[in-house]
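Report on the following structure.
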Ligand code: GRF
């Protein structure tokens, strides 16, 4: 399966996916990386590994719809089968998420449905949670609301602050995302009637 990754920043999850797909037995290959800003660090990292990169930015487009259309056109040109959002900080339009339904996934740094949105680590600490984690989900029009494919949990320790907790979560994100993408690429995780259906995973 041909995978395109969308990023906004450093792209550490992108790196984890590039690493995992480097295994010839892995059922997907990264055929492109798209950033919403030209100075996203991940672009140069991907380019250095001979992966096609492009910035599709708000500044270059009249409005959000035009930007999403440009994204869609680029994804078609790259013949993307699956799109992975990885630290992509923009909301995609309902038209886009409907068109790519079932082939568009995202990683979010919380145990959804808890803590949708931003500042998830601060919020988990503030609520006195004892576990936290990350979720990979199909993307729908509802921000961080799509059907969950896979999750990983980490403990919240007494001396944690947002940075130590974020680092612990990020470590398991890098393990979870390649696992979740594999399930989607193998057809073992599918979106049906708005739900994530898993099969052949024991
Ligand atoms: C990560 O916490 C990820 O969960 C969220 O964006 C953050 C940065 O990701 N989506 P990355 O290092 O750019 O992959």
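General observations
- Odd one out for residue 199 among (1) closer than 28 Å to residue 79 by Cβ; (2) at pLDDT 95 or above: (2)
- With a requirement of 2 or more residues that are free of Cβ contacts under 8 Å to residues at least 40 places away in the same chain and either touching a strand residue (DSSP E or B) at 6+ places or on another chain (Cβ under 6 Å) or surrounded by fewer than 17 Cβ atoms within 10 Å (Cβ to Cβ) (or both), the strands (runs of 3 or more DSSP E) lying completely within the stretch 78-138 that satisfy it span 104-108, 131-138.
- Looking across 166, 150, one residue alone is at negative phi, in contact with a helix residue (DSSP H, G or I) (Cβ under 8 Å, 6 or more places away or on another chain) and away from the ligand (no atom under 12 Å from the Cβ). It is 150.
- Residue among 117, 133, 102, 87 that is away from the ligand (no atom under 16 Å from the Cβ), at pLDDT 95 or above and at positive phi: 102
- Test: residue in the stretch 54-77 that is within 16 Å of the ligand (Cβ to nearest atom), over 24 Å from residue 182 (Cβ atoms) and in contact with a strand residue (DSSP E or B) (Cβ under 7 Å, 6 or more places away or on another chain): yes
- For the stretch 35-49, the condition of being under 30 Å from residue 195 (Cα atoms), within 14 Å of the ligand (Cβ to nearest atom) and either surrounded by fewer than 19 Cβ atoms within 10 Å (Cβ to Cβ) or modelled with pLDDT of 95 or more (or both) holds for at least one residue.
- Scanning the stretch 2-27 for residues that are closer than 14 Å to residue 182 by Cα, in a loop (DSSP other than H, G, I, E, B) and either without any contact (Cβ under 8 Å) to a residue 40 or more places away in the chain or within 16 Å of the ligand (Cβ to nearest atom) (or both) yields 22, 23, 24, 25.
The values are calculated or read from the model by the stated rules, or taken from the named source; none is laboratory data. Note that the structure is a prediction, hence the values are computed from the model and not measured. Quick reminder, even Gly has a Cβ in these numbers, built from the backbone with ideal geometry, and neighbours come from all protein chains shown.
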